[in-house]
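Report on one structure; see the data block that follows.
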Amino acid sequence: WGVQPPPAVTAITNPTANHYRQLTPFGGTANADTFEVEVQIDRSDTGQCWDGTGGWVACAAGAAVRNATLNSGLWAYPPGGESLPPLINNTTFTLSIRGRNIADIPEVGSGFAHAVTYKVDRTSPTSTLTFPSAGFVNVYPTLTGGVVDANNNGVQAGISEIAVRIRRSNGDSWDQAQGKWVANPSFNAAAYNQPLNQWTFSATPSSVTWI
């Protein structure tokens, strides 16, 4: 007779369901009864899975399931000799994992126990300056413009911040926080209207900024 050992229990902590320009090794947790952690990484555009060493294979192939390292309740991928998939721009990936206990019983009856979908966005947003245009103004201007982060194949990280640099003819830059011109390049945060894809910047004090 025999006793079935306790089940494996795992979780994913990195990556999360987010957009990435760079990636660090994937990882998560595993309970003391986890003897092995299996990993699969698929890409939505081709439906293929990562083989661990530079290629993409059918997800039903044996090479599509990779093994993570396991140490002190933590798992990590990739192990030595393997690598993460390349950062293919505007592509959606799904990381799936499952643990196995010492009796080789999987964490769930079929499939994978946990999955996280992450996206690679390495495309820069585009911005425009609406006002002022080239030439002269006779009022203290509020700078305005547009900004767009395009949706490419369902990948769109969005705008996190907008920075404006105002440089005058002698090379100095306006520093909004200090309220003065400085010799070093300085960028200032602009207000962002997400529904309209517009930004605005009002320098303070305007009587000093535009002298």
Quiz prompt | Single condition Thr24 does not satisfy, out of (1) assigned to a loop (DSSP other than H, G, I, E, B); (2) more than 21 Å from Asp121 (Cβ to Cβ) | solution = (2)
Quiz item: What number of residues within the stretch 44-58 are surrounded by 17 or more Cβ atoms within 10 Å (Cβ to Cβ) and assigned to a loop (DSSP other than H, G, I, E, B)?
Solution: 2
Exercise. Please name all residue pairs, on different chains or six or more residues apart, with Cβ atoms under 8 Å, provided the first residue is in the stretch 152-177 and is among the β-branched types (Val, Ile, Thr) and the second residue is open to solvent by 80 Å² or more (accessible area, probe 1.4 Å).
Key: Ile159/Gln194; Ile162/Ser127; Ile162/Ala189; Val164/Phe187; Val164/Ala189
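Given the criteria open to solvent by less than 40 Å² (accessible area, probe 1.4 Å) and at negative phi, does Pro5 qualify? Steps first, please.
Working: open to solvent by less than 40 Å² (accessible area, probe 1.4 Å): yes; at negative phi: yes.
Judged against the criteria, Pro5 is a match.
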Quiz item: Taking into account only those residues within the stretch 186-211 that are assigned to a loop (DSSP other than H, G, I, E, B) and either touching a residue at least 60 places away in the same chain (Cβ under 8 Å) or of a type in the set (S, T, N, Q) (or both), which is nearest to Val137 (Cα to Cα)?
Solution: Trp210
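Considering only residues that are in a loop (DSSP other than H, G, I, E, B) and open to solvent by 60 Å² or more (accessible area, probe 1.4 Å), which ones fall in the stretch 158-185? Give the derivation first.
First, the residues of the stretch 158-185 that are in a loop (DSSP other than H, G, I, E, B): 158-162, 165-166, 168-172, 176-179, 183-185.
Correct list: Ser160, Glu161, Arg165, Arg168, Ser169, Asn170, Ala177, Gln178, Ala183, Asn184, Pro185.
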Practice problem: Might you check whether a residue that is of a type in the set (S, T, N, Q), in contact (Cβ under 8 Å) with a residue 60 or more places away in the chain and touching an Asp or Glu at 6+ places or on another chain (Cβ under 9 Å) occurs anywhere in the stretch 96-111? | Solution: yes
Quiz item: Does the stretch 35-43 contain at least one residue that is open to solvent by 60 Å² or more (accessible area, probe 1.4 Å) and not aromatic (Phe, Trp, Tyr)?
Solution: no
Quiz prompt | Members of the stretch 79-106 found to be open to solvent by 40 Å² or more (accessible area, probe 1.4 Å) and part of a loop (DSSP other than H, G, I, E, B), listed by number | solution = Gly80, Gly81, Glu82, Ser83, Pro86, Leu87, Ile88, Asn89, Ile102, Ala103, Asp104, Ile105
Practice problem: Output the number of the condition that Ala191 fails; it satisfies all remaining conditions of (1) exposed (fewer than 12 other Cβ atoms within 10 Å of the Cβ); (2) more than 30 Å from Thr94 (Cβ to Cβ). | Solution: (1)
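The values are calculated or read from the model by the stated rules, or taken from the named source; none is laboratory data. All values reported here derive from a predicted model rather than from experimental measurement. Reconstructed Cβ throughout: ideal geometry from the backbone, glycine too, with neighbour counts over all protein chains shown. Each accessible area value is taken on the protein alone, full model and side chains, heavy atoms only, with ligands, DNA and RNA left out. Shrake-Rupley method; radii C 1.70, N 1.55, O 1.52, S 1.80 Å.
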